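A short worksheet on the structure shown next.
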Amino acid sequence: MKRQADVVAGDPDARARVFLELGEVYHNHLARVDLAEQSYNEARLLIPDSSEALHALGQLYERSGNWFQALEMLEHEAELVADPKQSAQLFERIGRINEEMLLNRSGAVEAYQKAIGKFPGSLVALEALKSMAREDEDWGAYARYLELILEAVTEPDDRFDLLVEMAEHKEAVEHDDLKAIDLLEEAADIDASD
């Protein structure tokens with residue numbers, strides 16, 4: 001037993017793993033957020049770029065409404081993650097916190113754009129940016145996000161709805177009746193094939 005303790009004591013990765021497991025027990029089984037936070041931070045002291053510790057702290061802060069610390073952990077984790085889709089999902093969460101909890105629209109836009117930069121098919125980010133562009137009556141951006149969403153969506157029903165929305169925009173805002181008709185015909189082709 002002493003030999004195992006000596007091995008753990010000399011191995012930062014093994015010690016960090018112990019603190020991560022301890023943090024999980026404190027957080028998920030004992031509801032001791034303070035001790036969980038302390039354990040996760042101990043793991044980060046041993047391995048500063050531990051994506052597991054960052055993820056755990058991000059979730060802990062997010063659940064407790066500690067938004068600024070949650071953002072710090074999520075941003076750090078998003079930059080470390082190698083998988084573009086996973087990184088984009090983290091930036092989507094950052095955008096949502098900025099938009100809904102902190103009412104920081106510019107921070108939300110920046111995070112959503114980073115999500116798209118990491119993974120162009122990031123639908124949560126594209127939808128959020130489309131909605132903001134519509135609210136701002138930034139019709140050029142709105143049309144661009146509609147097109148990007150259409151490129152990312154594969155479900156026939158979703159494509160049908162988007163084509164109809166694009167047609168309405170072309171007619172009402174851009175006054176391009178011919179393009180609106182083309183889009184409605186494309187939507188009708190999807191509907192006919194169902």
**Report entry** Rounded tilt (10° steps) of 12-24 against the dominant C-alpha axis of the chain
**Finding:** 70
Report summary line: Heavy-atom accessible area of segment 15-64 with neighbours in place, 1.4 angstrom probe: carbon+sulfur share in percent works out to 49
Query raised in the report: Helix 177-193 versus the longest principal axis of the chain: what angle, 0 to 90°, nearest 10, using Cα atoms?
Result: 70
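What Kirkwood radius, in Å to one decimal, follows from the Cα pairs of segment 86-134?
10.0
For the chain, what is the accessible area per residue in Å², given a 1.4 Å probe and the full set of protein chains?
58
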Report summary line: CD proxy, 222 nm, the chain: helix-only mean residue ellipticity via -39,500 (n - 2.57) per DSSP H run with n ≥ 4, per residue, nearest 500, stands at -25000 deg cm²/dmol
Query raised in the report: Using θ = phi - 60° and the Karplus form 6.51 cos²θ - 1.76 cosθ + 1.60, what ³J(HN,Hα) does each residue of segment 131-143 get, whole Hz, x for Gly and Pro?
Result: 4, 5, 4, 5, 4, 7, 6, 8, 5, x, 5, 4, 5
Report summary line: Summed over the other residues with a beta carbon less than 11 angstrom from that of residue 152, with K and R at +1 and D and E at -1, the charge totals -4
Report task. State the Cα centre-to-centre distance between segment 148-194 and segment 63-110 in whole Å. Result -> 32
**Report entry** Area of residue 76 that stays accessible when all protein chains are in place (1.4 Å probe, Å², to 10)
**Finding:** 70
Query raised in the report: Amide H to amide H under 5 Å from residue 32: which residues, 5+ apart in sequence or cross-chain, H placed 1.01 Å off N in plane?
Result: 27
Query raised in the report: Tally Lys and Arg at +1 and Asp and Glu at -1 over the other residues with C-beta under 13 Å from the C-beta of residue 82: what net charge comes out?
Result: -2
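I'd like the carbon and sulfur percentage of the solvent accessible area for segment 99-155, probe radius 1.4 Å, heavy atoms only, ligands and nucleic acids excluded.
On the way: 1570 of 3180 Å².
Carbon and sulfur together cover 49 percent of it.
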Requested in this report: Would you mind putting 58-69, 84-95, 37-48 in packing order, based on average other-beta-carbon counts within 10 Å, highest first?
Outcome: 84-95, 37-48, 58-69
Query raised in the report: What is the helix-to-structure angle for 84-96, meaning the angle in degrees between its Cα long axis and the longest Cα principal axis of the chain, kept from 0 to 90 and rounded to the nearest 10?
Result: 80
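The values are calculated or read from the model by the stated rules, or taken from the named source; none is laboratory data. Values in this document were obtained by computation on a predicted structure and should not be read as measured data. FYI the Cβ positions are ideal-geometry reconstructions off the backbone, even for glycines, and counts take in every protein chain you see. With ligands, DNA and RNA removed, areas are computed over all heavy atoms of the protein, side chains included. Shrake-Rupley method; radii C 1.70, N 1.55, O 1.52, S 1.80 Å.
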